[in-house]
Amino acid sequence: MLAMLLAAALASFGAAARGPDASHDFNLSAQPLDRALQAYGRITGLAVLVDARLLANLHSAEVIGRYRDDEALRRMLVGTGLTPRFVGDDAFTLVMSGADAAMDEPAPETIAPAATDNQDAAARRRGARILQRSLEDALCGDESTRPGGYRAAIRFRLDASGRIRQAEISESSGDVLRDAAILARLADLTLIGLPPDLPQPITLTLLPETGQSTPPCRGRER
């Protein structure tokens, strides 16, 4: 089974996207790659949509200093066998590579997808946005589930009509009542417009708000 990880959480999606040409200060230690990607997303505001199987047992390289976002990402991925492909200015996917890109070369072929790959990645990006907006709308409607103040991970499947089924908490928020409220808010939620071949089950990680992110529910409480 495939699993999809939206490593840039709801709080990160609210941040103004600046694109891979932007520069930031990074202080990322070597760590499990999924956590490194989450930290990277918080810093940059970029979204990542990736088959979670690719991240299993992988660790990032240390990235400390000020770098362009795309350079920092390539440095972080050294030794993982993965390479980024940017989709537009605010999202990227990770794919297997035969060898890590040389650090002293721009290697544009590494980050620029071919036409077919670009279409597939664009569809995934649209899917990520639909997921983000729909789940944010649902969770922002209850003060106890409003994203930004806790970390949690949710796993679910979608039926043929796009309705959420088999939702479960794969990483607790630390509050069993909040966990139950999250599942109640997502129960039978229908997501329209997702790609038909979306990998399932879907895993969504919610991250706490940071000083670099816009509150995810601003203007959307109800």
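The values are calculated or read from the model by the stated rules, or taken from the named source; none is laboratory data. What you see is a predicted model, and the numbers here were worked out from it, not measured in a lab. Positions of Cβ are generated from backbone atoms using ideal geometry, with glycine treated the same way; all protein chains shown enter the neighbour counts. Remember, those area values only see protein heavy atoms, side chains included, never the ligands or the DNA or RNA. Shrake-Rupley method; radii C 1.70, N 1.55, O 1.52, S 1.80 Å.
Annotations for the structure displayed:
- Residue match in region 150-166 (condition: without any contact (Cβ under 8 Å) to a residue 24 or more places away in the chain and either of a type in the set (Gly, Ala, Ser) or in contact with a Leu (Cβ under 6 Å, 6 or more places away or on another chain) (or both)): yes
- Candidate set from region 168-200 (those that are assigned to a strand (DSSP E or B) and hydroxyl-bearing (Ser, Thr, Tyr)); member that is surrounded by the most Cβ atoms within 10 Å (Cβ to Cβ): Ser170
- Whichever residue in region 204-222 is of a type in the set (S, T, N, Q) and surrounded by fewer than 19 Cβ atoms within 10 Å (Cβ to Cβ) and, among such residues, is modelled with the highest pLDDT: Thr210
Listed here are the residues, each with its yes/no results for (1) modelled with pLDDT of 90 or more; (2) not in a loop (DSSP other than H, G, I, E, B).
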| position | (1), (2) |
| --- | --- |
| Arg18 | no, no |
| Leu49 | no, yes |
| Leu54 | no, yes |
| Val78 | yes, no |
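- Residue check for Gly127: part of a loop (DSSP other than H, G, I, E, B) and modelled with pLDDT of 60 or more: no
- If the condition is being surrounded by 21 or more Cβ atoms within 10 Å (Cβ to Cβ) and more than 17 Å from the chain's Cα centre (by Cα), then region 28-71 contributes only Val63.
- Being modelled with pLDDT of 85 or more and either part of a helix (DSSP H, G or I) or not hydrophobic (A, V, I, L, M, F, W, C) (or both) holds for only one residue in Asp120, Asp142, and it is Asp142.
- Test: residue in region 138-155 that is under 21 Å from the mean Cα position of the chain (by Cα), under 17 Å from Gly127 (Cα atoms), basic (Lys, Arg) and open to solvent by 30 Å² or more (accessible area, probe 1.4 Å): yes
- Boolean, Ala153 is modelled with pLDDT under 85 and within 22 Å of Gly45 (Cβ to Cβ): yes
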